[in-house]
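Let me begin by presenting the structure, written as structure tokens, before commenting on it.
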Amino acid sequence: MADGPDPMFADEATTLLRSAGQRVTQPRVAVLACILAADAEHLSADALLEHVAGADPPIHRATVYRTLEGLTSAGVLRHVHLDRGLTAYHLADSVAAPSVPRRAEHLHAQCTSCGQVTDLPVSVLGDIAVRIRRATGFRLDASHVAFSGLCRSCALDNGG
């Protein structure tokens, strides 16, 4: 990415930053443009670092982490905790961008074999969150963690 982010995504990133009341800086634009370009893919901080590695001027690792934390706090990004301590990021469900259609609130599942992350509708939980709250008073927020199991392809490969 020596030439910087794709101009279309850079323009969208700039617009999103301004609409969220965030300062427009080169690192923020570069990181957010990578997330926009990834569409529905969930990118880790390390993957984002690889994407912005050739930026000029260079973007330091700590800057990428601070940018992700700030954009998450501002409600522009959401994060999900994956297997092996990885955290992945994607555009928040409430944020609309021309290149990325607004998605409904969703949950995540990660394949323990291939690592694929799949978006799940919140309805897959049924009334489990309500039942947990009634039984314990605990308010479940399953959007920050990924359920684990086997994706369809890996399940078929494993005979089932």
Gain in span if fully extended, H81 to S113, counting 0.36 nm per residue against the direct Cα distance: 9.8 nm
Test item: Cα-centred dipole of segment 104-160, Lys/Arg +1 and Asp/Glu -1 on Cβ, debye: 280
Efficiency of FRET from Cβ geometry, D93 and V24, R₀ 22 Å, rounded to 0.05: 0.45
Helix-only [θ]222 nm of the chain, DSSP H runs n ≥ 4, -39500 (n - 2.57) each, per residue, nearest 500: -11500 deg cm²/dmol
Cα convex hull of the chain, projected area averaged across orientations, nm²: 11.1
The chain, relative contact order in percent, only Cα pairs under 8 angstrom and at least six apart counted: 19
Viscosity 1.306 mPa s, temperature 10 °C, Stokes-Einstein D of segment 1-96 from Kirkwood C-alpha radius, µm²/s: 122
Length released on extending from R103 to N158, taking residue separation times 0.36 nm less the Cα-Cα span: 16.6 nm
Fully extended contour minus Cα-Cα distance, from A47 to R139, at 0.36 nm per residue: 29.9 nm
Estimated translational D of segment 104-160 in µm²/s (Stokes, Kirkwood radius over Cα pairs; 20 °C; 1.002 mPa s): 170
Of Y89, T112, A135, farthest towards positive along the dipole that unit charges on Lys, Arg, Asp, Glu beta carbons give segment 82-136: A135
F147 paired with A74, simple spin-label distance in nm, labels 7 Å along Cα-to-beta-carbon: 3.3
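Values quoted throughout were computed directly from the atomic coordinates according to the rules given, and no laboratory measurement underlies them. In this text, all values refer to a predicted model and were calculated from it rather than measured experimentally. Backbone-built Cβ (ideal geometry, glycine too); neighbour counts: all protein chains shown.
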